[in-house]
Amino acid sequence: MTNSRSVGFTLIELILVIIVLGIVSIATTSYLGLGATMYADAAGRDQLLSQSRFAVERITRELRNVVPNSVRTWSEGNGSRQCIEFAPLLQAGRYQGSVATGAVSLFSAADDWNNLVQLATTTPVFMTVYPTNAPTDIYQKERVATTLNMSVNGGDSRVLDVTFSFPATVPDSPSQRMYFMRAPVVYCIENNQLWRYQRTDIVSSQAAANLPTGVLMADDLDNSPVTGFYAANSTLAFSFENSVVLTRNAVVHIRLAFKSGISDSLVFNQEIHIPNVP
């Protein structure tokens, strides 16, 4: 009689294999999960850095081309909304004559007055002379022309003939300089977002209720007035230092703090010099 023997695994061996495979699976999953988490964090930081650089660069470029003494800052809601407003410069030139006559001729080295005249047919264009105070001269329109008619001189395209009127007596600019501008632009930090607003007119009100539809420029800002970066550093996102003299520039300080998904902070502290020559 031949003896037969069964070949296979015992229960203990199967349990040991299951335990070993479980340990290997857990280790492999943890390793891959850690790698995926690190990649996601790095991608998030890179996206945060890109959008923050874009926002700061956009504001900086626009602020470097504004009408002198047209910058103002304001806040609402105990700092939950912080805004900076300014009038973008379209063109400037030196005029001949006196603004008291209501008609002058402007001269520019560039042959681009035609562009300004053409733009005025589709977009509101404003003119100001010798603005020294933003709240009154610009935003209350004390030195902004109430009527404005422009035409390029037929004999020389570098000469612009302008007729206008002001709501009150306006002094001549010491340097005979006149500015043309668009309706103001407003940047506002609202909670954790940065918005850009393009007005269609000059308004004296600083309330956000009067702002048009905005465009979202950046997200993930650390702007809590209680626990955020601004509260911890006792400062607002926008501040403006202005000295109304012909030999000194105005300075705008921008302090933007961004926070990533893992609570890392990225802080931009930008100082922008604005030619302050009214």
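Every residue, every condition in (1) at negative phi; (2) in contact with a Phe, Trp or Tyr (Cβ under 6 Å, 6 or more places away or on another chain), yes or no:
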{"position": "Leu160", "(1), (2)": "yes, yes"}
{"position": "Thr163", "(1), (2)": "yes, no"}
{"position": "Ser173", "(1), (2)": "yes, yes"}
{"position": "Met178", "(1), (2)": "yes, yes"}
{"position": "Asn191", "(1), (2)": "no, no"}
{"position": "Arg196", "(1), (2)": "yes, yes"}
{"position": "Ser204", "(1), (2)": "yes, yes"}
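For the range 111-151, what are the residues that are of a type in the set (Phe, Trp, Tyr) and under 18 Å from Ala87 (Cβ atoms)?
Answer for the range 111-151, where residues must be of a type in the set (Phe, Trp, Tyr) and under 18 Å from Ala87 (Cβ atoms): Phe126, Tyr130, Tyr139.
Taking Gly102 and the conditions (1) within 17 Å of Ser175 (Cβ to Cβ); (2) at pLDDT 90 or above, which numbered condition does it fall short on, given that it satisfies the others?
Unmet condition: (1).
Inside the range 69-124, can you point out the residues that are farther than 30 Å from Leu256 by Cβ, buried (at least 16 other Cβ atoms within 10 Å of the Cβ) and hydroxyl-bearing (Ser, Thr, Tyr)?
Across the range 69-124, the qualifying residues are Tyr95, Ser108.
So which strands (runs of 3 or more DSSP E) stay within the range 35-154 end to end and still have 2 or more residues that are in contact (Cβ under 8 Å) with a residue 60 or more places away in the chain?
Filter on the range 35-154 gives 72-76, 81-86, 89-96, 103-107, 126-129.
Looking at the range 142-151, is at least one residue touching a Pro at 6+ places or on another chain (Cβ under 8 Å), basic (Lys, Arg) and buried (at least 20 other Cβ atoms within 10 Å of the Cβ)?
yes
The values are calculated or read from the model by the stated rules, or taken from the named source; none is laboratory data. Bear in mind that the values here come from a model prediction, so they are computed numbers and not experimental data. Here the Cβ is made from the backbone with ideal geometry for all residues, glycine too, and neighbour counts use every protein chain on show.
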